[in-house]
Structure formats: structure tokens, C-alpha cells
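The values are calculated or read from the model by the stated rules, or taken from the named source; none is laboratory data. Computed from a predicted model, the values in this text were never measured in an experiment. No Cβ is skipped: glycine too gets one built from the backbone with ideal geometry, and neighbour counts run over all protein chains shown.
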Amino acid sequence: MGNRRLFSLLGVCLLLLGIGLFAPLYGQQGTATLTGQVTDPTGAAVPGAKVEVVDTATGTVQNTTTDSAGYYRVTALNAGTPYTLHVTAQGFKAYTATGIVLHVGQTVAINPKLELGAVTQTVEVSATALHLQTQSADVSHSVTGTEIANIPVNGSNFTTLLTLVPGASGNLPDFNAPVPVNSSQVVSFSGTRQQHNRFLIDGMENNDRGCGGCITVLPNKETFQEFTITTPSSSSDIGQGSGGTISIALKRGGSTYHGELYEFFRNDALDATNFFANRAGQTKPELRFNNWGWQLGGFVPGSHWLRTHAYFFFDQDWNRLRQGTTIVANAVTPAMAGGDFSSLLTGKTDANGNDTGAIFVPQPINSTQAQKFANAGLTPGQPFPGNIIPSSVIDPNALLLGATSNGPIPFANTAGNQYTASFANPTNTRTDTFRGDLDLSENVRLMGHFINEAVDQVTPTSLWTNSSYPTIGTDFLNPAKSAIIKATWTMNPTTVMETSLGWDGNRITLTPTGNYQMPAGVTGVGNIFPGNALNRRPGLQFQGRLNAALNVGSWPWANSNDNYQLQWQLTKVKGSHTLTFGQLGMLSDKNQVIFGNTQGLFSFNGRFTAAPGSPAGGSKGSDYADFLLGDGYSYEELALQDKGHARWWAYSFWFGDNWQVSNRLSIQYGMRWEYIPHVYEQHNRQSNFVPGAFNPADAQAPNPVTNQLDPNGPGFTLPPPQSGMSIVLPGFKMYTNGILVAGSGIKAGLVKNYYDTLAPRLGFAYKVTDKLVVRAGYGTFFERTQGNDVYNGWPNPPFSFDTTLFTVPLTGLAGSGATIPIYPANVTALDYNYLIPYTTTTNAMVEYQISPKVIFQTGYVGTFGRDLRIQRNVNQPFDNNPLRGKVSPNQIRPFPGYASINYGENSVSSSYHSLQTSLRTTGWHGLTTAVAYTYSHAIDFGTGGGASDFTTIADAYNIGAERGNSSLNRTHVLSVSYVYDLPFFRTATSAFQRHLLGGWQISGIVIGETGLPVTIGNPGDPAGIGSGVRANCLAISSNGPKSINEWFNTAAFAPVDPVGVNGSTGFGNCGVNTVYGPGRINFDTSFGKSFTGIPLPGSKEGGSLDFQAELFNTFNHTQPLGVSTTVGTNSFGQVTSVHDPRVIQFSMRFRF
């Protein structure tokens, strides 16, 4: 570490010196570069040749001259539109290359070979449709405007297209709703974590950094000129993220007017029926989807009078969606809801002679229950007669809160004690997109965009919870905006300066819908603290045989997020070197209501009604029977749902050089420094638990009978007064042993900031022949952990109070006023030595140009994550504690007085190795296609390793057991996207044949991929630690019939015995992500026809009317998706969800 820090400090000094000598700049994301060498017929360099690059859309011209070696370089060119290259030199014919298309972030080499002759003569060539990548070692792939406009995209959400590049592994829904925060962006690029991806629009970041990889605004894909995905990179201008960089270029206006009107239309009358709805005899889910809009682009009339040229592009887009969702969840029967569990009896006996499906009379958890059992003649430890719970011992509140014919917990309505239903939820959006370009002179240009988005979406189940039933939903309001203004100054032919200022932000308001309020007649349930907004019903989690949940969540809730970015860019061409020096400054401002269940959350797992002593083959009880008896395994409640005000800064400085060593070899090298101070709260309203600050002399264990702490005992303090901030209750003491408040004994950001964050970059591209290029690159990328690592800690004492109790009655917990009992608090903590996560990437690629319109590429890509985030409960009872499973976990915690201490630390690693192959064609006999194949293996930690920084380790003291297949590891991924202009009748002499039978197009996406790995879990808490564990894996193959009723071999797994029973440790021996779920082969197909030449006033070309019919899941194959993975539950091993059936969409566009 010492050498690394010394190296870093020296590098920072050199970096700052370089920036001081030159000028601060920001990388060229959003633009492109054209370069090359001008030679004579003998191959000798032509110095001093005049080079002119013309934007054919606007007529904008950029000029330069070749250097002494004949090289030229023109930077800051707009991506996605054709350019024309003119080269003139005395004694040579003029050279013109047309149709040069540049992609976002791309550097294209065009090497004119001049012919002897008069300059008045011109040699004109057409540029190749595809260009070999000879100027960079980056692994990047562009999705062009042709592909965006014609490939069928389910839901019109562009993120579907992210999975069509090599190295991408996604877990996106079939219909990904066209909304930003509440749609899915779960795509891993080259094994990196999904939350580490970075989205850019016109070069400006578009990430909601507190949302785990979410985007702030979701532009309508009809506004895209194109976008590029870069994974491993040797360019120093890419940073502030260690995953994929997705750079979007918006459409712009030109020297002529162009526009379109469009609508996409769906109706369930055109669609097939969902497999589970069909099996249950139900009608297909409702689907009404209309996506319509218009756009117009062109020049601003009269702008030339001011000796400027102004261009505009504007788009308005609306979505109206009524989407029925088929819900499949475990449920109870009416008999079970009344206490009759006789259907669970199996006729088989355990080692004690009791039925393996019996439910047993539990040991009473209080004197009231003991009296009820005695009155009913029940003996604890014996089975309930007939497996029926007498009504006299059922908690009346359970009948009011539980399953009813019209309540929020529905009865089973299909075989296997499952509930299947379809519910329609509305989504309404509107997006306005404007981009303006202003050429003040030949050397000074301005660009700006503004995106305004409004979203109103109602979800069928409660948002961001594990709720199973479509009876309590969430109304999600999400207005969002993005704006940028950018100036480009060509100071001279070899120097370009770019400056931009950007802002993006959103607002989120969540309100519960449906049957979320406390039923009339319920008394004495939960509500330890006052402040249950809207009188919501408590959450119920069934973690045993039923394996279902109902929870309103933290709603009502709101937040606001604003991000400000200031960027500069300077590019200097000096001889064979293209030097860049850069700087980026970002400020984020997020105000957010605390997450937490102020209405309370009960958990039931069947432990109370399980067979006593856990005999071999003994019953695991019933979680719903526990609920009816009012015997809760745990209860959690947040005292105060206050608001925090988070702020953070980020700075990046870098330099880079693209050295054109020869006309065959280019070398890229550079260094980037990321300064990433940790998030802080504006009013210091946050705290951290520091193990070293915990004083054993002030420790206090909860009372073993009441579970309460003594406020007059050790470790208690009064919360400090906070300016403008609330506290839980006036005079309410809190246990704060080991708690340090921000700005008082600990940094405002709670953790140590690091400065040794230098990220070197190195790569080369070597042109072996004119058709063959070999490239290799290396880079280091640092990552800012998204802000939930801090937001999740805002309920910590002394500012709020979140507690979890064990062995609790459903009825009888409520407190009031100053007599509120004080229970052990849950705490979210961060390791003070909270390292900055980073990823190193390597690649070695070979690229071959089969023809001017066909390019093949293959090679190795590897990524290696270091100091990645996990979280673990450092207050988990020690594994060697003999009291585990015999007493409440809160009685035997290492840090007495607290419940769980969820400890975030950046301490694990990941690895990814892959063979990535692609084949691209553009206009080859009318065919444009992108074929991508990846063979790979990704390893990470935790069950959410590939997708999440917030996976909690199952056993806090055995982190190594969490290493396994990444949750987004797909061994094989093949994608084929294509657009094919059918050749029939296009040139027919008959106008009838040409206009009606010609002009047809077929396009589509073909996906073939292996399944994602899943982890086999165990119900309940056999380890006695207050949380779940994995199951036991037996010494037989888990490979199963892969049927709907049994996807894998369920006999390969067994429940875990409670700790101490049959020598059990309480932890299962199954690893992480050891079983693979369903793979998939899917076809999405589009058929289209363009009617051209429609007469329009003042237009020679006229307009065109385009019709498309899109078929998603074209052949209507039933494709399994989700599988139940909790051993011992009703649905274990069964397929619980499938991909969508065939869905048909029609669209119509009028273009001019």
C-alpha cells in the first residue's frame, strides 16, 4: 500500500502539472474523430495538403492541413450522420470521399491516396460502410439509427438493445415499460456489476446515482441518432464508472426540414394467452398500449441574416399503457384460513411416529396463550387433533388480517395451493425532447438539449417490496429532466476546445393503492411507536411452507435528485500525437425520505408448529398456522420516517495520447485520477457504528423476558439537538454505544476518503494488412458506490430507531407516549476503511474486413473487480455460541444492546473471462445485421453478485462461502439482429408492382442463451442467527426433467436441521448459484412496407408511409422463466413464471 500511495501521489502531481500547463477538458463522449494519412502514388507522405470535412446534414465545414508526415486529424465531429472528405494538394487531383459515417466515440481512419494531375480534376470514392478499428484498443459496439428504427423493441425501451452486443448478459423483462427509474436496466457488460454502468446523453451523465444503476430520464428511442456501448477501454476519457458506458447521441436538425408522425398500437385481442392464465382457465391479461408522437427537425429561418446557422430538432412522445400482469403466488385454502390444515397430512410418519405433515401445539409465548391452550385441552408438543386449530385459540386479529374472500391475501384458486390472477395497471408518460445547434462561425459552435419527462405508473404489487399479491399496489409519480449546453471552439486546425454545463434531476412520489389500510376491528397489533401514516396494515412475511408476503412498504414516500456537471475538453494534435487533457466536476444533491416500515413487519416461518426436537423426517410446521396462533418469529418497526439531505462531489482529471507511430501502428496511453469523496448529509444527520468505539463496559443485553433495554442503564444518551431536524420523541433516550455522529468524532461522510485512485490506460492497434487489425488494451476503472450505502443508514440512532424483535405475539406489542418500550435497534454501518472499488480490464482482439460491408471480430475480454462491496451482519451470533437456536438472537449478539448491524465493506473480488465474437454487415445485398456470441464465466460474491452491491452475506463469519457464479453469469449468449430489405419488385417496371409488391422489409432479433444461476434457500432460521440460510445439497445430481412441475431434481436438496439437531450447525452446505434456471431461444420478428413518393407541396422526394407488424415471441413458444428455489415450500422446484406469449404490435409512420 505504501508503494501504491507514493506512486499515486507522484502521478497526481504530474497530472495536475500537465493540466496546469495545458487546459482542462472533458472526454469526447458524444462526438467522433476522423483521421488518416495522405500519400502520393508511391506511398510517400503528402505534407501541407488541405483537408476539408463537410457535415452533409448541415453543410458545416471543418478545415485542417496535413503535417510533415502527411497525417491529419479532425475532432469533435457529430456522430451518426454522413460526412464528406475533400483533400487537395498542388500537383495532384482533388480527392473526395463521400458517405463517411462516424459512430459515437469512434475514431475512423480514411487514408486518401492522391493521383497525379490538375487540382481541378477530382477523384471521387464512396467510403466503406464499415471501418476497421485501427485507432483504438477499446471494445465498443454501436447500434445505428437504422437498427434502432427498424428492429422490433418490446415496450419501445431502448435498453432491450443493450443485450445485442458481445459480453452483455441481461435479466430484462420481455416488456420493459418505457419509464426511467421503474424499468429494468439489469444488464452486465463483461462480468461487471449492473449498478456500475454509466449512461450518457450527448456526453452528459444520465444516472440516478441513488437508485442502483437507474437512469434519470428515458429518452424516446425515436430521438436517437445512435448509441455506443464501451466495455473495456484504453481511453483515458472514460471514467466515473467501472461497468459499461452507454453513450447516446440525439438526432439534430439539418439544412432541410424532416419529420414524422407515428403510432405504435397493441391490443390483447391480437395476442396469445399467458401459459399460467391458460392453465387456470382464465382469460388473457388485458393489454392496451398506444405510443404516439411527432418530431420535426430543420433549420431556423432567418438565422443566416445574423451570419449564423441555427438548427433544431423537437420530439413529443406519449405512452398510454394498460397492462395486465399474470400473478402466480402460493396461497392458502379457505379451510386453512379457518385453521383446518388436514390437507397437509401425508400418511407418512417421522421417527417419533407422528405424521410428517402434522402441525404441533407450540410452547406458549405468553400467559394469555397458555391459558387458551389449557381451556381448549391442548398439550404443547403434541399434534393438533386432526391437524385442525380450534377457533378458540386463533388470534382474532389474524382472521382480520389474513386470507379472506375479498381481502388483500386471496385464497388459492388453482391446483397446488396457488393463486393465479391477472390485473391491469395503468402507465401514462409524456416526453418532450429538444436539441438545438448553432454555428456562430466556422470555428465556434453551440449545442444544447432539453428533455422533459412525466411518468405516472401504478404497479400491481407494492413497489420495491417482496409482496406477492396484486391487492396492494403503488402509484409512482416520476417527473424528470435533463439539460446541457455545450460550446465547441476550433482554436486552430490542430486545437479544439469543448466546454459544457449540464443538469439532470428527477422527483419521485410513491403512494399506496388498493386494500392497504388497517381493517376495522384490529387492535393491539404492532405500532410500538406512533406515526403510522395513512393507518396502514402491518406487513406479513410467510417464510416457510407458504413462502409469500404482503407488505405496503415505506409508502407514502418522496425524494428529489439533482446532478450538476461542468466539463471542459481540449484536444491538441502535435505531429503524430493527439494529446488530450481533461477535467470533470460533478455535484449531486439528493433529498430523500427514510425507508422503513413505520406500520411494522411481522415474519412467520413455521418454527412454532414444527415437530418438537426436529426428529428425522419431522414436520417443519406451517408459517400460516403460526400466524393464526399469533406466534411471530420476528417483528420489525421504524420509529420515525424523517428526511435526509445527501450531497456528494466527484472530480476527474486525466491526460491521454493517441500516438500514430506509423500508418500501421497506433498506441494509446494515458492516466486518469478519480477523486471520489464519500456522500455526506448536509445537516450531519447521519451516524455510523464503529466496532472500535463500542465500550464493553457500557454494553447492555435486553431483558430475556421482555426483550427490552433499560433506558436508565449503561450505554444510553439523549439524542443531540439538530438544527431543523426531528428526533424520534422528545426526551426519548437511545442506546448509542459505539455510535458516532457525523461531524462529531467521525468525518461528515462517515468513512475515510482515499486519494490513491490513479487509473492507468494502455492499448495499441496494429494493422497487419489492409483487412486485418490486431488490438490489445488494459485499463483500470474506479467506481463510486451508489448512495444507498448512506441512505440505508439514516434510520440509525440517534436520529431514528429501527428495531427487530424475536418470538413476538401478533397482538400485544403496542406502546404509547413516554412509556414506549426500548428494544434493540437495527443499525446500518460502513467500514471506516471503505476502499474505492475498482475494476481492471484486459482485451486482445482480432478484426478482419471480409468485404467493405462485412466485418468479423473475435478475441478475449477479461475483467477483474477488486475492493467490491458486500454487506454482512457483524452482530450475528458467533458460530460457536452454544446458545444459538435456544434463545433469541438478540440475547447473544457480539455487540449487546443492538439487533442486526448490517455492515457494508468493500472487501471482495470478482473475475470474468470470455471469448467475444461479432459479425457485422451494413447494406450487404440489402442486409444489415449484427451477430454477437459470448462464451464466458463470471464469478462474484453473494446471491446478487452480478447485479447488486447490496447482497447480504448469509454467514457473516464465512465470507468465502459466498463466492460463486455471478447472478448474471450466462455461459453462452448468442444474439442476432437484422434488417433485410427484400429485393422483390423494387425495380419493377410496373408502378403497381413497384409500389405495392416492392419495398417490403423483414427485421428481427433472435436470442439464444443459457439460463441464469440460482441459489437454493432454506425456510426459517435453523442457525438461530435471525436470518435465513441456504439448503443442504445431497450427493446426487440436481439435473432434473426441466418441466413446468419440476425444473431441477428437487430430491438433490434437503432442509437444514436446527442447530444442534443431528449434529447440524444450522447452516446448509449448498453453495451460491449452483443450479441453473431456464435458458431461452426466442424470435422477435417485424414485417414492414414503405410507400414512398407521396406528393407533398415543395418537396421533390415527397413523403413516405411506413407500416410495420411486429411479432414478439413469433412462434408462441412457452418459455419458462422463474423457478421456486426455497426447499420445503409448496412450489419448490416448480416454474412460477414464463416469458410472455406471442404479442403483436402494429405501427404506422408518416415521414417527410
Within region 965-1012, how many residues turn out to be outside any loop (DSSP other than H, G, I, E, B) and of a type in the set (Val, Ile, Thr)?
-> 7
What are the residues in region 302-338 that are over 33 Å from the mean Cα position of the chain (by Cα), at pLDDT below 90 and surrounded by 22 or more Cβ atoms within 10 Å (Cβ to Cβ), if any?
-> none
So which residues in region 740-767 are farther than 22 Å from residue 681 by Cβ and assigned to a strand (DSSP E or B), if there are any at all?
-> 758, 759, 760, 761, 762, 763, 764, 765, 766, 767
Please indicate, with yes or no, whether at least one residue in region 110-131 is modelled with pLDDT of 90 or more and within 22 Å of residue 202 (Cα to Cα).
-> no
For residues that are hydroxyl-bearing (Ser, Thr, Tyr), touching a residue at least 60 places away in the same chain (Cβ under 8 Å) and over 18 Å from residue 208 (Cβ atoms), tally how many sit in region 240-260.
-> 2
What are the pairs, 6+ residues apart or on separate chains, where a residue within region 519-544 that is aromatic (Phe, Trp, Tyr) has its Cβ under 6 Å from a residue that is surrounded by 14 or more Cβ atoms within 10 Å (Cβ to Cβ)?
-> 529/639; 542/548; 542/604; 542/623
Which one is modelled with the lowest pLDDT, of the residues in region 30-53 that are on the phi > 0 side of the Ramachandran plot and part of a loop (DSSP other than H, G, I, E, B)?
-> 30
Qualifying positions in region 699-719 - surrounded by 17 or more Cβ atoms within 10 Å (Cβ to Cβ) and either touching a Gly at 6+ places or on another chain (Cβ under 6 Å) or of a type in the set (A, V, I, L, M) (or both) | 699, 700, 709, 715
Going by the conditions given, is residue 751 touching a helix residue (DSSP H, G or I) at 6+ places or on another chain (Cβ under 6 Å), of a type outside the set (Phe, Trp, Tyr) and at pLDDT 90 or above?
-> no
Please state which of the following conditions residue 155 fails to meet, knowing it meets all the rest: (1) within 28 Å of residue 1111 (Cβ to Cβ); (2) touching a strand residue (DSSP E or B) at 6+ places or on another chain (Cβ under 7 Å); (3) at pLDDT below 90.
-> (2)
Unique match (being among the hydroxyl-bearing types (Ser, Thr, Tyr) and either crowded, with 21+ Cβ neighbours inside 10 Å or under 26 Å from residue 328 (Cβ atoms) (or both)) among 554, 576 | 554
Do any strands (runs of 3 or more DSSP E) lying entirely in region 1108-1152 carry at least 1 residues that are out of contact with any Asp or Glu (no Cβ under 8 Å at 6 or more places or on another chain), and which ones are they?
-> 1120-1123, 1135-1138
Within region 428-485, restricting to residues that are of a type in the set (Phe, Trp, Tyr) and under 17 Å from residue 510 (Cβ atoms), the one that is surrounded by the fewest Cβ atoms within 10 Å (Cβ to Cβ) is 464
Tell me, please, whether a residue that is under 12 Å from the mean Cα position of the chain (by Cα), buried (at least 23 other Cβ atoms within 10 Å of the Cβ), of a type outside the set (S, T, N, Q) and within 19 Å of residue 1006 (Cβ to Cβ) can be found in region 194-202.
-> no
Do any strands (runs of 3 or more DSSP E) entirely within region 623-712 hold 2 or more residues that are without any contact (Cβ under 8 Å) to a residue 60 or more places away in the chain, and if so, which?
-> 643-660
Scan region 1088-1115 for residues that are at pLDDT below 85, over 14 Å from residue 259 (Cα atoms) and small (Gly, Ala, Ser) and jot them down.
-> 1093, 1098
Taking the options 373, 360, 341, name whichever one is more than 46 Å from the chain's Cα centre (by Cα) and aromatic (Phe, Trp, Tyr).
-> 373
Any strands (runs of 3 or more DSSP E) falling wholly within region 202-317 and containing at least 2 residues that are small (Gly, Ala, Ser) | 245-250, 287-299
Boolean, residue 191 is in contact with a strand residue (DSSP E or B) (Cβ under 6 Å, 6 or more places away or on another chain), surrounded by 24 or more Cβ atoms within 10 Å (Cβ to Cβ), of a type outside the set (Ser, Thr, Tyr) and part of a loop (DSSP other than H, G, I, E, B) = yes
Counting only residues that are small (Gly, Ala, Ser), within 27 Å of the chain's Cα centre (by Cα) and surrounded by 18 or more Cβ atoms within 10 Å (Cβ to Cβ), region 1102-1132 contains a total of 1
State yes or no: is residue 875 within 30 Å of residue 690 (Cα to Cα), within 31 Å of the chain's Cα centre (by Cα) and not basic (Lys, Arg)?
-> yes
